[in-house]
Amino acid sequence: MILTDKQILEEVEKGTILIEPFRRSSLGTNSYDVHLGRYLATYRDEVLDARQHNQIDVFEIPEEGFVLQPNTLYLGVTLEYTETHAHVPFLEGKSSVGRLGIDIHATAGKGDVGFCNTWTLEISVTQQVRVYHGMPIGQLIYFEVKGGIENYYNSKDNAKYNNRTTKPVESMMWRNEW
């Protein structure tokens, strides 16, 4: 079951959902709008290697915005820091963003119960488009969990994305054992 606006507010009041900064105007009927943070990043190498630590170059979005280019993967970050202690958060793009040809995630739309951080975005575009720091970029949807939880994300020893950040985080696939 997806939480409604009233339920999201109740969970925020209880502390099981934390959104910083929280703006009442960003609360939708059954979602919460998140905004593009100040930083973007691109990978240094043209060929990425899943077994290697691929380095990124992080840069700040200027006040006049930044023009995203097709055929380039940009890592972005949400302005909002979130914590979700009792629900499964899903990040989806806003329809108005999609209508500009912007995809905000390649595969990683679902968070885990216990995820506490900003959200790294995997941004790609179909044509050139100018984006701005602080623009609405996506929406968080919260699902109820049925059953108990043994391993919250923020307490897993092998969780790769637990360090609080305001900048995009590159793939940590290279840290997996396989």
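No value in this document is a laboratory result; all are computed from the given coordinates. Note that the structure is predicted; figures quoted are calculated from it, not measured. Cβ: placed from backbone, ideal geometry, glycine included. Neighbour counts: every protein chain shown.
Of the GluC sites (Glu not before Pro) found in the stretch 61-111, those that fall in a DSSP loop while having at most 10 other beta-carbon atoms within 10 Å are Glu63, Glu64. A full extension of the chain between Glu92 and Gln69 corresponds to an added length of 6.2 nm, given 0.36 nm per residue minus the alpha carbon distance. The distance from the alpha carbon centre of the stretch 1-51 to that of the stretch 76-134 is 7 Å, rounded to a whole number. Taking every DSSP helix (H) stretch of at least 4 residues in the chain, weighting each as -39,500 (n - 2.57) and dividing the sum by the residue count yields a mean residue ellipticity at 222 nm of -2000 deg cm²/dmol. Normalising the average separation of contacting C-alpha pairs (under 8 angstrom, six or more residues apart) by the number of residues puts the relative contact order of the stretch 46-178 at 36 percent. What does the C-alpha gyration tensor say about the overall shape of the stretch 46-119? Classify as rounded when a/c is under 1.5, otherwise prolate if a/b is larger than b/c, or oblate. Since a/c reaches 1.5 but b/c is at least a/b, the shape of the stretch 46-119 is classed as oblate. Extent of the chain along its three principal axes (Cα atoms, max minus min coordinate, largest first): 44, 40, 23 Å.
Highest mobility in the GNM of the chain, judged by mean-square fluctuation with C-alpha springs under 10 Å and restricted to Asn30, Asn154, Asn71, is found for Asn71.
Take the Cβ atoms of Thr166 and Phe59, set R0 to 22 Å, and the FRET efficiency comes out at 0.95. Highest GNM mean-square fluctuation among Leu79, Leu40, Leu68, for the chain modelled with Cα contacts below 10 Å: Leu68.
Among Ile137, Ile149, Ile56, whose mean-square fluctuation peaks in a Gaussian network model of the chain (Cα, cutoff 10 Å)? It is Ile149.
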